[in-house]
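> Mind having a look at this structure? Questions to follow.
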Amino acid sequence: MKNSIDRKQFLKQFGLIGVAAVGASTILTACGGGAETETAAAVDPCKDTSGLTEQDLAMRTNLGYVETSEIADQHCSNCQLYKKPENGGCGGCLLFNGPVTAEGWCNSWVINQG
Ligand code: SF4
């Protein structure tokens, strides 16, 4: 308690209260300001692989799955192996577990004939 009062008096005496407040705000923003953004990204269920096993994750990696295809006319939504979203959920793939984005792609892509 005494230390807190002494610190306030010290800062007031040297006119540093405003500087200390701005500095603390800057530090807090730099350290934790992105938490809200990270939380928003973390809750996107179609990109959340947190519930998958190591084996599931390895399968996705081995097939070169990416959430956004770099090939203009090849993406999960026009792949024969794509499982369309049901009831507003996420799409999936017949080759591995977990969510798949419609814009995604992997090296097993095959044109949907149907
Ligand atoms: S095989 Fe590949 S491109 Fe086809 S739906 Fe599955 S992840 Fe997407």
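The values are calculated or read from the model by the stated rules, or taken from the named source; none is laboratory data. Computed from a predicted structure; not experimentally measured. Virtual Cβ from ideal backbone geometry, glycine too; neighbours counted across all protein chains shown. When the accessible area is computed, the model is the full protein with side chains, heavy atoms only, and any ligands, DNA or RNA have been set aside. Shrake-Rupley method; radii C 1.70, N 1.55, O 1.52, S 1.80 Å.
> Restricting attention to the stretch 65-77, does a residue exist that is away from the ligand (no atom under 13 Å from the Cβ), modelled with pLDDT of 95 or more and exposed (fewer than 10 other Cβ atoms within 10 Å of the Cβ)?
yes
> Within the stretch 71-91, work out how many residues are within 21 Å of residue 48 (Cα to Cα) and in a loop (DSSP other than H, G, I, E, B).
9
> Just a yes or no: is a residue in the stretch 92-103 in the same structural domain as residue 58 (by TED's automatic domain parsing), within 7 Å of the ligand (Cβ to nearest atom), open to solvent by 50 Å² or more (accessible area, probe 1.4 Å) and closer than 26 Å to residue 54 by Cβ?
Yes, the conditions are met somewhere in the stretch 92-103.
> What are the pairs, 6+ residues apart or on separate chains, where a residue within the stretch 52-78 that is at positive phi has its Cβ under 7 Å from a residue that is in a loop (DSSP other than H, G, I, E, B)?
Here the result reads 64/106; 64/107, each pair linking the stretch 52-78 to a residue that is in a loop (DSSP other than H, G, I, E, B).
> State whether one or more residues within the stretch 46-54 are in a helix (DSSP H, G or I), open to solvent by 80 Å² or more (accessible area, probe 1.4 Å), more than 16 Å from the ligand (Cβ to nearest atom) and at pLDDT 95 or above.
Just the residues of the stretch 46-54 that are in a helix (DSSP H, G or I), to begin with: 54.
If we keep only those that are open to solvent by 80 Å² or more (accessible area, probe 1.4 Å) too, we end up with 54.
With more than 16 Å from the ligand (Cβ to nearest atom) added as a condition, the list becomes 54.
Still in the running and at pLDDT 95 or above: 54.
Yes, the stretch 46-54 has at least one match.
> Separate question: The conditions are (1) in a helix (DSSP H, G or I); (2) modelled with pLDDT of 90 or more; (3) open to solvent by 70 Å² or more (accessible area, probe 1.4 Å), and residue 31 fails exactly one of them. Which is it?
(2)
> In the stretch 78-91, what count of residues is obtained for those that are open to solvent by less than 90 Å² (accessible area, probe 1.4 Å) and near the ligand (Cβ under 10 Å from one of its atoms)?
Step one: of the stretch 78-91, the residues open to solvent by less than 90 Å² (accessible area, probe 1.4 Å) are 78-82, 85, 88-91.
Checking which are near the ligand (Cβ under 10 Å from one of its atoms) leaves us with 78-82, 91.
Of the residues in that region, 6 qualify.
> Kindly list, by first and then second residue, each pair from a residue in the stretch 94-110 that is assigned to a loop (DSSP other than H, G, I, E, B) to a residue that is within 9 Å of the ligand (Cβ to nearest atom) and of a type in the set (S, T, N, Q), limited to pairs with Cβ atoms under 7 Å and residues at least 6 apart or on different chains.
Pairs found: 95/108; 102/77; 103/69; 104/69; 109/74; 110/80.
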